[in-house]
Structure formats: C-alpha cells, structure tokens
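A short write-up of the structure that comes next.
Where a number appears in this text, it was derived from the coordinates with a stated rule and is not lab data. Owing to the predicted nature of the structure, the values given are computational and were not obtained by experimental measurement. Here the Cβ positions follow ideal geometry from the backbone for every residue, glycine too, while neighbour counts run over all protein chains shown.
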Amino acid sequence: MNTPKKNLSYKEAITEIEEILKQLDNNELDVDELSDKVKRVSMLVTLCKEKLHHTEQEIDKILKEMDNNFN
Amino acid sequence: MNEQLKLSELNGLVKKAIGEAFTAPVWVIAEISELKINRNGHCYLVLIEKEVNGDAIVAQAKATIWSYTFRMLQPYFETTTGQQLTEGLKVLVSVSVEFHELYGFSLNIRDIDPTYTLGDMARRRREIIARLQSEGVADMNKELTLPLVPQKIAIISSSTAAGYQDFIDQLTNNPAKYRFHLKLFPAIMQGNQAEASIIGALEQIYQYESFFDAVVIIRGGGSQVDLSCFDNYNLAYFVTQFPIPVITGIGHEKDDSIVDLVAHTRLKTPTAVAEFLISGVAQFDQHLEELKNRFAEIIDDRLTSARSVVDQYARSFIPIVTDKIVKVNGRLNQTIWKFDNYVKVFIKNQNYQLSRTEESLRHEFKNFHQIQLRRLERTTRALSVSSQRITLINNELLMRKIQLSGKLVRNMLSDKLLYLELAQQKAQLTDPLKILARGYSITTYNGRALKDTDRIIMNALIETKLHKGNIISEIKTIIKEL
C-alpha cells in the first residue's frame, strides 16, 4: 500500500481509484486484499474532497508571495 | 517673367480650379492617422494612405467633420461596426474637396460608409487568422489540457471592470462551496494601451506557470465598442504561445475576436466563465462520487458472494462432520464397554487376592500374638522375683545407714552446742554499747572513727559519741605519737 502523499494530484487519485475498480471488475483482487483497498480508496476520496473545499497552506503561501511581487 | 501674382491671387486661382474640378462630393478610401475632437465638437483628422505592402505613407490630407455632422456620423458608425471611430481605422468617406487661401487644402467629410470599415476589419481579421494558421500556432493553446479541477485561476481584468466583482463573487460563493484560488493581474482592457498591458499581465503570470490551472481574460459587458485590441496579432500570438490554458469572457455579443479564436476556451461573459469553472470542478466531484459509489457496490457484492461461498462450505461441511462424529462416538463407546468389563474382572481378582492375604495375615498375627504374650508373662514373673529380692537387700542396707547416721548427728550436735555457749559469752563482752557504758567513747572525723592523728588537721571539727549524748570539739593541739 502506498503511503498517502499530501500533494497527490486529482488525476493521480482518480487514476488510482479507477485502477482499483478495474482490478475489482476483473476479479484480480483477493478478498483478503479488499480491506486495504477500501482504506486506500476512502483515503483518496477524502483527500480529493478536502482539496476541493479547502485551501492548502502551500497555495496561500504562493498567493501571498505574488501579492508581494506584483503589488 | 511678364506677369506677377500675389499669393492670395494664386491661392484664389487654385481654389477656383479645385472648385471647378470637384463640383460634387467624392468617395475616398483612407486610413485615419490622427483624430481630435475640439471643445465645440468639431472633429479634426489626418487621413493617410500607405503602401500596399508596407508602412510607407504615400498620401496625406487634413480633414474635418463639423460638429453637426459628427454628432450624427459617430453613433451611426459605432453602432454599425461595433467599433469606435478612431485612429488606425480604414474608412470610406464622402468628402468635398476644399481649398482655403489661408488654411490650404482640406477635405470636409460629409458622410461615412461603415460597411467598408467592417469589410476592412473582417479582411484584416482574416489576414491575421490566416497568418497565425500559416505559422502553425493558431491551435496551440487549445491543445493544452485544462486540469481536471481548475481551481487556481489567474485573472486578467481591470479591478474596476463591470463584470470583475460579479465573477469573483460567483466563484467565491458557489453553492457546492468549492474552493477557488483567485489572483487578479490588473490590465487595461480597452483602447490602444490594452495590447501591451494585457501582454504585461500574461508575462507576470508566466512566472508562476506551474502554479496556475488556467488564465481567464474577462471584461464586463456594457460598452460594445473598441474590442479591436482583441483582434490584435501580437496579443493573439502571445496567447497561442502561452503554456497555461486561456479562457476568455470579454463580452463580445457579435463575432469572436481573434483572441477568442485562439484561446483554449471561448465564452461570452465573465458569468459564463465562472459557471464553466464551477461546473468543471463539480463534474470531477460527481465523477469521484460515482467512482466511490461503484466501489462501495462492488465491495459489497464481493463480500456478499464471499460470505455465500463460506456459507455453502459450512453447509456441506456439517453432514461430513456429523457422520465422522457418529463413527468416532461408536468406537469410543465400544472401547469404554470393553474397558469397563476388563476393569470389573480385574477388581474382582484383586479383591479375592486381597481377602486371601488378609486371612493369612490374620492367622499369622494370632500366632505371633500368643507367642509374644507367653514370652511377656514369663519375663514379668522373672522380673517380679528379682525386684522382690532387690527390695529386701536395699531395705536392710538402708536401716543400717540410718542407725549409723543417727549416732553421728548426735555427736556433732553436742559439740556445736558447746561452741555456741562460748561464743555468746564473748559477744556480750565486746558489744560497743557495753564498752561505752563502761566510760569509753568513740570519736569520728568526717563520719569515720578516729584511731590516730594522721588524718587530723588543726581547727577541724570532730564528733565524740558518749554512752549518753554526743559532743563536737575543735582541734587545738595535735600531739603526734613518736
């Protein structure tokens, strides 16, 4: 299981979820692996939802830097 | 040189000749090079003509539009073309050719044909588009991929522009509460300075190329005039080369500007741009939600089927196990029964052996007991005889010892009595009180009897005990014994 990256992009997250779904559809996953996959998918979904609705510190930092540079 | 003219006479002749040559107004094609409106509302222009394939000016003339005419021509032109009557435009104008002795040659504009300018603008647009296409750049910005979730938006607009604040409000207060990160790069959005100003803003954004998801160029509706800056080759070219997708919303009701054409996404108004961005994010959100639900369903199915497989195993397992248990139980019962019998026989045997042993033991013990009893009796009798004899002997010895002792004691006692009498008499003689009564006295010093002069010192107090009473004396003289 990959360690969760904070700066995981939307595309990476969606791609990984779709990949897991494909594995499920093709019956490539053992029942014993399901628990890990459930955790992973729910973590990815939460991460995306978080990014959709909240500001990350890093972004605020860059926007402030721009204010200083251009105004 | 026979005839000499004054300048005014010459100018008068030119004026006359021109008047005769141009009796009616003439339609002229020219480009407006300068345009000024004075306080009275009169319009003063400089018209020029350039080389066909170049910038060199090949003809030039002053022109005027009197305020009365200008008040009618200007709105007519602008509503027809969607374009301000301004410098740089090519126009078809009806002029009367005039010559004034003092002010010289000038064209007085009476009428204007906006369709010519429209056609010219369209032609110029086509030329610019053709040029961008022949350079292979026209679709370059369109080929960029707009990020899945456009959230970090660089805005090129004027903070005072009509649509700008609405745009910000719309994105900030979107119903699904998606977070947009907005940064304004202010620019002049119309007129001659717009081109340089917008390119300047794009250059600033370029410094944060990897940060932004999209650039939006927005301008509120309202005035429909002067959008020519967005038909500018340099600006359009800059947009095609920009590494971030450009979205336009510059309030064009009619045709698309060239910037619109080369932009990644062309929308009519700032509101439409905001909706586009929100719907992009919402689409992703929805897709995410769908994937999540599908995932949950599949997991549910998988678990249900896994459970039914286990149940099936369990069901087929029970009869097998039950059968096995019955068999094992039967064998066990048999073994227990066998064992039970065996134990019973064994115990019976052991019991019999035990009782036989007990019998023989009891018999042996009886014999042993009788022998011992007889032996004991004999010993007792022998002991009793011996003890009687010993007692007799001892008694005799004792009697003899008692007699001997009695005599010995009697002798000892008479000796002691005699001694006691003597001692009593002697004691009576030495009793100190009896001695004192006879006139002797005892002298003590410091509580001790005084027997010589060795311890005594002058003026010491000594106590003398008499037969009756005491006296205390002080030493005056000591006579030592030689």
The Cα radius of gyration of segment B:97-180, divided by 2.2 N^0.38 Å with N its residue count, comes to 2.05
How far is helix B:162-172 tilted off the main Cα axis of chain B, in degrees rounded to 10, range 0 to 90? 30 degrees
Evaluate the distance, in nm, between pseudo-label points positioned 7 Å from the Cα of residue B:290 and of residue A:12 along their respective Cα→Cβ axes. 2.5 nm
Find how many whole Å separate the alpha carbon centroid of segment B:73-123 from the alpha carbon centroid of segment B:138-195. 37 Å
For residue B:480, counting only lysines whose alpha-carbon sits under 28 Å away and dropping same-chain residues fewer than eight positions off, the answer is B:451, B:465
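How big is the shadow of the Cα convex hull of segment B:412-469, averaged over all directions, in nm²? Write out the running numbers ahead of the final one.
Values: hull surface 24.6 nm².
Its Cα hull, projected and averaged over all orientations, spans 6.2 nm².
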Evaluate segment B:90-241: find the radius of gyration of its Cα atoms, find its Kirkwood radius, and give the ratio Rg to Rh. 1.13
What is the Cα centroid distance between segment A:2-71 and segment B:288-312, reported in whole angstrom? 22 Å
If each part is reduced to its alpha-carbon centroid, segment B:363-405 and segment B:418-482 end up apart, in Å, by 75 Å
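Per residue of chain B, what 222 nm ellipticity follows from adding -39500 (n - 2.57) for every DSSP H run with n ≥ 4, rounded to the nearest 500?
-19000 deg cm²/dmol
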No solvent, one uniform scatterer per C-alpha: report log10 I(q)/I(0) for segment B:160-264 via the Debye equation at q = 0.12, 0.20, 0.21 1/Å, two decimals. -0.40, -1.11, -1.22
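With +1 on each Lys and Arg Cβ and -1 on each Asp and Glu Cβ, how big is the dipole of segment B:361-456 about its Cα centre, in debye rounded to the nearest 20? Numbers along the way, then the final one.
On the way: 18 positive and 8 negative charges, 131 e Å.
Roughly 620 debye for segment B:361-456.
Over its Cα atoms, what ratio of radius of gyration to 2.2 N^0.38 Å does chain A give?
Details: Rg = 16.8 Å, N = 71, 2.2 N^0.38 = 11.1 Å.
Dividing the Cα Rg of chain A by 2.2 N^0.38 Å gives 1.51.
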Give me the Kirkwood hydrodynamic radius of the protein assembly as shown, using the inverse of the mean 1/r over all pairs of distinct Cα atoms, in Å to one decimal. 39.6 Å
Quick one: what does P(r) look like for segment B:1-141 with 10 Å bins over all Cα pairs, in whole %? 10, 33, 29, 16, 8, 3, 1, 0
Please work out the Kirkwood hydrodynamic radius for segment B:357-441, using every pair of different C-alpha atoms, and report it in angstroms with one decimal place. 20.5 Å
Between the Cα axis of helix B:194-206 and the main Cα principal axis of chain B, the angle (0 to 90°, nearest 10) is 20 degrees
Cut-off 10 angstrom, C-alpha nodes, Gaussian network model of chain A. Which of A:36, A:25, A:60 fluctuates the most? A:60
At each listed q (0.25, 0.32 Å⁻¹), what is the log10 of I(q)/I(0) that the Debye formula gives for segment B:1-43 modelled as equal alpha-carbon point scatterers? -0.89, -1.01
If the viscosity is 0.890 mPa s and the temperature 25 °C, what translational diffusion coefficient in µm²/s does Stokes-Einstein give for segment B:365-408 when Rh comes from Kirkwood over Cα pairs? 186 µm²/s
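Roughly how large, in nm² to one decimal, is the mean projection of the convex hull of the alpha-carbon atoms in chain B? Before the final figure, lay out the partial values.
Working: hull surface 436.4 nm².
Quarter of the Cα hull surface area: 109.1 nm².
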State which entries of A:51/B:268; B:324/B:348; A:11/A:64; A:39/B:152; B:50/B:268 exceed 32 angstrom in Cα-Cα distance in the structure shown. B:324/B:348; B:50/B:268
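Tell me, B:320, B:188 in order of fewest to most beta-carbon neighbours within 10 Å?
Numbers: B:320 9, B:188 16.
With the sparsest Cβ surroundings first, the list reads B:320, B:188.
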Which value, to two decimals, describes the C-alpha radius of gyration of segment B:217-332 once divided by 2.2 N^0.38 Å? 2.48
